[in-house]
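Here's the structure we're looking at; comments come further down.
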Amino acid sequence: MSAPKKLFIKTYGCQMNVYDSERMAEALGGEGYVETKSPDDADMILLNTCHIREKAAEKVYSELGRFKGLKAEKPDLKIGVAGCVAQAEGQEIMRRQPLVDLVVGPQSYHRLPEMEAKAREGEKVLDTDFPEEDKFEKLKNRPKAKRGPTAFLTVQEGCDKFCAFCVVPYTRGAEVSRPVDRILREAQDLVERGVREITLLGQNVNAYHGAGANGDMTLAQLIWELDKVDGLERIRFTTSHPNDMQDDLIEAHGTCAKLMPYLHLPVQAGSDKILKRMNRAHTAESYLRLIERIRAARPDILISGDFIVGFPEETEADFQATLDLVEEVKYGTAYSFKYSTRPGTPAAERPQVDPKEADDRLQRLQALLTKQQREVQDSMVGRDVTVLFEKAGRFPGQMVGKSDYLHAVHVADCDRAIGDLARVRILSSGANSLAGALID
Ligand code: SAH
Ligand code: SF4
Ligand code: F3S
């Protein structure tokens, strides 16, 4: 038997890209590839790209340029570009960078084995179609390797919301939900391979409406189906849109023990004028009332968010409204970004905010969010949480895992194994993690 070929994948962007990279590795595993951590000994290099902010494409070109020497040494090396930059600029990449053998958009990963074979024969291959078939179903033939205790599982993809700043509806296409039975089969398979916690992924995951035995199911109904899977201990989902936060999902946060008390619910801005121009279709007030209802169902839930500052025509007063909203919600964690122009999106054509002003606002917002994040983390001290252990710590006998609230927790003198769950009393709060001790 010939030596296995080596595959190096570099992943950028969101968790869905992480999931997709795993699926691509499995698809090429069927063609005799094993993964390597270094591009230097690879027979195939895949960049799984993200297009969400500016300069994404430029980064891809400079990354590709760095492989020039490698390719000169190893003419058989194949180089591919996948992900959202591939979808948005596939033709351009092929034209501009002759090192690239293969361009594959996020909807075409199941065609990767055929594409790889063609590339091996010296063809240049590009596939950025939006085909009808379920790509994940086609990607099933994979080895049953053991895996770590946490996993992502894509249940919904694409977005019909068309926020005025965002490329996702163009790169990932229209909203599509996977059928319930396939998700359950995949979850079962993950559990058999050692997974204890599954994060359900979708660009608009709470708009999930996949086909079930008796018609379409909501995300909450899907979560209740997953709740029945023995050995699966924890369920999370991301990312949600405020307008799709249905009653049954809010209720599940109060009643489903496997559903973790953590919710990523981006609001983007606190000014109604800006929200309207962003095409978010909700107001600051409706978002705040929604948070209230969620907290009524699950008082200890940790809320996470995304923010954009410096959106076209944002004034200081508009920005102040964002700070006010943040003060009111009290976020346990958050991601904040300076608006960046995405060509082809409606906001790209509008009057832009002075970049210095935007930088200043971003700093002020991040200072507030960091303070809140720290306060929420510190408030865990003295409380008992459940920790799912994910790896050994830096010190002998120490283990590291995540609490129900997704805080990293270090536990000394810990005789538990990776994949175990244990009750832990939180003793102290550090810069980015908590420390605790096992409760017998
Ligand atoms: N579907 C998810 C995630 C979208 S991308 C959602 O609706 O929340 C993740 C985050 O990137 C967004 O929430 C937004 O805060 C940020 N983002 C998207 N486009 C952006 C842009 N053009 N400039 C700056 N930030 C952007
Ligand atoms: Fe982008 Fe808005 Fe869709 Fe999220 S909801 S993916 S921000 S268009
Ligand atoms: Fe980036 Fe595409 Fe995800 S643009 S954030 S990789 S959906």
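The values are calculated or read from the model by the stated rules, or taken from the named source; none is laboratory data. Just so it is clear, the structure is predicted and the values come from calculations on it, not from any experiment. Note: ideal-geometry Cβ built from the backbone for every residue, glycine included; neighbour counts use all protein chains shown. The accessibility values were calculated without ligands, DNA or RNA, using every heavy atom of the protein model including side chains. Shrake-Rupley method; radii C 1.70, N 1.55, O 1.52, S 1.80 Å.
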Checklist entry - For the stretch 338-440, what is the percent of antiparallel DSSP beta bridges, rounded to the nearest 5? => result 85
Checklist entry - Using a Förster distance of 30 Å, how high is the FRET efficiency between D160 and V18, based on the Cβ-Cβ distance and rounded to 0.05? => result 0.80
Checklist entry - Under the Karplus relation 6.51 cos²θ - 1.76 cosθ + 1.60, θ = phi - 60°, what is the ordered set of whole-Hz ³J(HN,Hα) values for the stretch 336-344, x standing for Gly and Pro? => result 10, 9, 7, 4, 10, 5, 10, x, x
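With a probe of 1.4 Å, find how much accessible area the stretch 78-157 has per residue, and write the answer as a whole number in Å². Show your work: numbers first, answer last.
Values: 3490 Å² over 80 residues.
Computed with neighbouring chains in place, this is 44 Å² per residue.
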Checklist outcome for this item: Here the FRET efficiency for E132 versus R350, based on Cβ atoms and R0 = 41 Å and rounded to 0.05, is 0.70
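Quote to one decimal, in nm, the extra length available between E35 and N214 on full extension: 0.36 nm per residue of separation minus the C-alpha distance between them.
60.4 nm
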Item to check | Amide N of the stretch 221-237 lying under 15 Å from the label point, which is placed 7 angstrom from the Cα of D247 along Cα→Cβ | outcome: 221
Next on the checklist: Could you check the spin-label model distance between E328 and D306? Points 7 Å from the Cα along Cα→Cβ, value in nm.
Outcome noted: 2.2
Checklist outcome for this item: Amide H proximity to K78 below 5 Å, modelled H, separation 5+ or other chain, gives M44, I45
Next on the checklist: If each DSSP helix of 4+ residues adds -39,500 (n - 2.57) and the sum is divided by the residues in the chain, what number results at 222 nm, nearest 500 deg cm²/dmol?
Outcome noted: -10500 deg cm²/dmol
Next on the checklist: Using 25 Å as the Cα-Cα cut-off, could you pick out the over-long pairs in K124/K338; K10/K161; K78/K146; K74/K118; K71/K391; K10/K330?
Outcome noted: K124/K338; K10/K161; K78/K146; K71/K391; K10/K330
Checklist entry - Roughly how many nanometres apart are two label points built 7 Å out from the Cα toward the Cβ at D440 and D227? => result 3.4
Next on the checklist: Considering only C-alpha atoms, what is the centroid distance from the stretch 374-425 to the stretch 191-258, in Å?
Outcome noted: 24
Checklist entry - Can you list residues whose amide H is under 5 Å from G270's amide H, if they're 5+ apart or on another chain and H is modeled 1.01 Å from N? => result T322
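At 0.36 nm per residue, and after removing the present C-alpha to C-alpha distance, how many nm does the segment from R120 to Q91 gain when stretched out fully?
Values: separation 29, 0.36 × 29 = 10.44 nm, distance 1.98 nm.
Extra length from R120 to Q91 when fully extended: 8.5 nm.
To the nearest 0.05, how large is the calculated FRET efficiency for A296 and A367 if R₀ is 25 Å and r is the Cβ-Cβ distance? Kindly include the intermediate steps, with their values, before the conclusion.
Working: r = 30 Å, r/R0 = 1.19.
FRET efficiency, A296 to A367: 0.25.
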Item to check | Those Cys residues of the chain for which no other cysteine Cβ falls under 4.7 Å | outcome: C14, C50, C84, C159, C256, C414
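Quote the Stokes-Einstein diffusion coefficient, in whole µm² s⁻¹, for the chain, based on the Kirkwood radius over alpha carbon pairs, a temperature of 20 °C and a viscosity of 1.002 mPa s. Don't skip to the end; give the middle numbers.
Numbers: Rh = 23.3 Å.
Value of D from the Cα-based Kirkwood radius: 92 µm²/s.
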Checklist entry - Non-local amide H neighbours of L406 (under 5 Å, H modeled in plane, Pro and chain starts lacking H): which ones? => result none
